[in-house]
Amino acid sequence: MAEKLQALKQQVCCSIDEAKNKLHRLGDAIWSHPELAYEERQAHDTLVHFFTQETGWTVEAHYKLGTAFRATWGPVGGADSGSGVNVGFLCEYDALPGIGHACGHNLIAESGAAAAVGLKAALESREAWPVPIKITVLGTPAEENGGGKVDLLREGGFEGLDVVFMAHPSQEDAVYIPNVAAHEVVVKYHGHASHASAYPWEGVNALDAAVMAYCNMSVLRQQLRPDWRVHGIIRHGGVKPNIIPDYTELQYYLRTPSHRDLPNIQAKAEACFQAAALATGCRVELLLAKNKFYDILRNRTLEGLYEENGKALGMKFITVEDSSGSTDFGNVTHAVPGIHSYFYIGSEALNHTAEYTAASGADEAQFYTLRTAKALAMTALDVIFSPGVLDKVRQEFKEAKMMEEKGLKLQQVKHREAETSKKYEIATV
């Protein structure tokens with residue numbers, strides 16, 4: 001079996017290399033026409049067309065979301081449909097406002113498509129398999145703003161998948177970089193306009209509330225845990241200096257290493273926002289984003305396989321200890337075992353900069369993107385064919401979920417104890 005598996009991995013690499021020109025055109029078409037979250041119509045159509053043109057794929061456009069899609073191949077092989085393997089690859093393709101694909105999502109889409117095409121070609125090159133095998137590609141919009149994967153999870157878009165893979169452009173190759181949980185809140189202050197010079201006493205200054213809220217949050221940082229993060233902007237601060245602002249608006253991101261701590265940091269932030277409203281006499285609206293981004297639930301079995309395959313292709317992996325950004329892929333890993341690796345694209349530029357936009361569209365990025373796709377597909381072959389691997393992946397996922405549940409229950413107990421203590425103190429003052 002080892003020789004057969006190695007031959008399949010070689011076929012993956014050959015097939016991706018043979019398809020490199022059309023894969024480059026796919027990624028370039030997305031890079032050349034950047035689109036914001038939930039508006040990725042051309043990217044959606046480009047990917048749907050790509051898989052429609054590929055033999056054997058069943059393609060569902062506008063899958064559960066307007067700019068999501070699903071492409072499936074199989075199942076093939078085997079007679080027992082209950083014991084098959086359904087491997088998922090994800091494509092992201094939304095861009096950032098003003099600077100386009102500064103996070104390289106065009107390369108995420110390309111690498112996901114390439115891995116799926118390479119795996120399919122390898123499976124087709126051999127005889128029928130003892131278990132049914134299926135490949136699923138999901139186009140997941142709105143990672144930068146909104147959380148399309150969370151929407152798809154809610155709609156059942158990930159049901160039936162056994163494992164799920166994706167890789168994200170970065171400055172290095174890494175099997176894992178710590179991602180933090182995140183929740184967005186928009187704060188709206190409503191005051192009363194008045195002439196700022198003639199009769200300021202008639203006004204209720206919403207800008208004062210926004211400034212106080214911003215300062216409150218800045219002071220709050222002193223008492224936050226070192227690995228908690230709050231950062232925000234005032235995105236509407238008034239219209240003219242001689243008009244007391246009757247409306248202001250802030251946008252904040254609240255981040256913690258574990259999604260279990262998001263309610264705690266949210267409560268602290270809300271106190272800051274409410275205090276500013278009380279002090280200024282404004283009315284405040286707090287609008288929490290529909291979707292929270294969870295931290296990634298690691299699967300070290302998958303990570304180890306990916307690292308082994310990547311090294312065989314020449315990748316040099318680094319270990320990153322510090323927390324990074326946030327991704328809606330974290331939510332996926334709490335539903336399906338998966339990995340979210342990172343890959344070097346030939347540039348030292350930092351993500352979310354104009355320099356990275358250029359790097360993600362450069363020809364040099366192609367070698368690294370397709371190398372990553374090969375490693376993803378090779379890891380999928382390990383899951384499918386290496387004895388006991390899928391069972392190990394599932395067991396690790398099950399144990400991680402149990403540990404998570406235990407941690408959540410412990411946190412709830414501590415919260416109830418704190419609330420009881422607080423009531424007791426009030427009663428005895």
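The values are calculated or read from the model by the stated rules, or taken from the named source; none is laboratory data. Nothing here was measured: the structure is a model prediction, and the numbers come from that model. Positions of Cβ are backbone-derived with ideal geometry, glycine not excepted, and every protein chain shown enters the neighbour counts. Keep in mind that these areas ignore ligands, DNA and RNA; they rest on the heavy atoms of the full protein, side chains included. Shrake-Rupley method; radii C 1.70, N 1.55, O 1.52, S 1.80 Å.
Go through the stretch 266-294 residue by residue and tally those that are within 30 Å of E321 (Cα to Cα) and touching a helix residue (DSSP H, G or I) at 6+ places or on another chain (Cβ under 9 Å).
8
Answer yes if at least one residue in the stretch 400-417 is at pLDDT 95 or above, assigned to a helix (DSSP H, G or I), open to solvent by less than 90 Å² (accessible area, probe 1.4 Å) and among the acidic types (D, E), and no otherwise.
Checked against the condition, which is being at pLDDT 95 or above, assigned to a helix (DSSP H, G or I), open to solvent by less than 90 Å² (accessible area, probe 1.4 Å) and among the acidic types (D, E), the stretch 400-417 yields no hits at all.
Would you be able to tell me the number of residues in the stretch 245-263 that are over 20 Å from the mean Cα position of the chain (by Cα) and open to solvent by less than 10 Å² (accessible area, probe 1.4 Å)?
Here the count works out to 2.
Please work out which one of (1) open to solvent by 50 Å² or more (accessible area, probe 1.4 Å); (2) part of a strand (DSSP E or B); (3) of a type in the set (V, I, T) is the condition V230 fails and give its number.
(1)
Give all pairs with beta carbons closer than 6 Å in which a residue from the stretch 148-167 that is buried (at least 19 other Cβ atoms within 10 Å of the Cβ) meets a residue that is of a type in the set (F, W, Y); count only pairs at least 6 apart in sequence or on separate chains.
Close Cβ pairs satisfying both conditions: F165/F89; A167/F343.
Of all residues in the stretch 26-57, which are over 25 Å from the mean Cα position of the chain (by Cα) and open to solvent by 70 Å² or more (accessible area, probe 1.4 Å)?
T52, Q53, T55
Inspect the stretch 255-275 for any residue being in a strand (DSSP E or B) and at negative phi and give the result as yes or no.
Yes, the conditions are met somewhere in the stretch 255-275.
Look through the stretch 83-111, keep the residues that are surrounded by fewer than 24 Cβ atoms within 10 Å (Cβ to Cβ) and in contact (Cβ under 8 Å) with a residue 24 or more places away in the chain, and return whichever of them is farthest from the chain's Cα centre (by Cα).
For the stretch 83-111, the residue satisfying everything is S83.
Yes or no: A213 part of a helix (DSSP H, G or I) and more than 12 Å from H183 (Cβ to Cβ)?
yes
Residues in the stretch 264-322 that are under 21 Å from the mean Cα position of the chain (by Cα), of a type in the set (D, E) and modelled with pLDDT of 95 or more: how many?
The number of residues fulfilling the criteria is 3.
Of the conditions (1) assigned to a loop (DSSP other than H, G, I, E, B); (2) more than 28 Å from D17 (Cβ to Cβ); (3) out of contact with any Phe, Trp or Tyr (no Cβ under 6 Å at 6 or more places or on another chain), A142 satisfies every one except a single condition; which number is it?
(3)
Run V219 past the list (1) open to solvent by 40 Å² or more (accessible area, probe 1.4 Å); (2) farther than 22 Å from P257 by Cα and report the number of the one that doesn't hold.
Of the numbered conditions (1) open to solvent by 40 Å² or more (accessible area, probe 1.4 Å); (2) farther than 22 Å from P257 by Cα, the odd one out for V219 is (2).
Which ones in the stretch 26-77 are in contact with a Gly (Cβ under 9 Å, 6 or more places away or on another chain), closer than 17 Å to A116 by Cα and not hydrophobic (A, V, I, L, M, F, W, C)?
Answer for the stretch 26-77, where residues must be in contact with a Gly (Cβ under 9 Å, 6 or more places away or on another chain), closer than 17 Å to A116 by Cα and not hydrophobic (A, V, I, L, M, F, W, C): G27, H44, G56, R70, G74, P75.
In the set Y176, Y214, which member is aromatic (F, W, Y) and over 22 Å from the mean Cα position of the chain (by Cα)?
Exactly one of Y176, Y214 is aromatic (F, W, Y) and over 22 Å from the mean Cα position of the chain (by Cα), namely Y214.
For the stretch 22-60, which residues satisfy the criterion of being outside any helix (DSSP H, G or I) and among the aromatic types (F, W, Y)?
Of everything in the stretch 22-60, those that are outside any helix (DSSP H, G or I) and among the aromatic types (F, W, Y) turn out to be Y38, W57.
Which ones in the stretch 112-135 are modelled with pLDDT of 95 or more and open to solvent by 10 Å² or more (accessible area, probe 1.4 Å)?
Across the stretch 112-135, the qualifying residues are V117, K120, A121, K134.
Given the structure, is A193 touching a residue at least 60 places away in the same chain (Cβ under 8 Å), under 20 Å from T248 (Cα atoms) and open to solvent by less than 80 Å² (accessible area, probe 1.4 Å)?
no
Going through the stretch 227-265 one residue at a time, which ones are out of contact with any Ser or Thr (no Cβ under 9 Å at 6 or more places or on another chain), β-branched (V, I, T) and under 19 Å from S326 (Cα atoms)?
Matches in the stretch 227-265: I233, T256.
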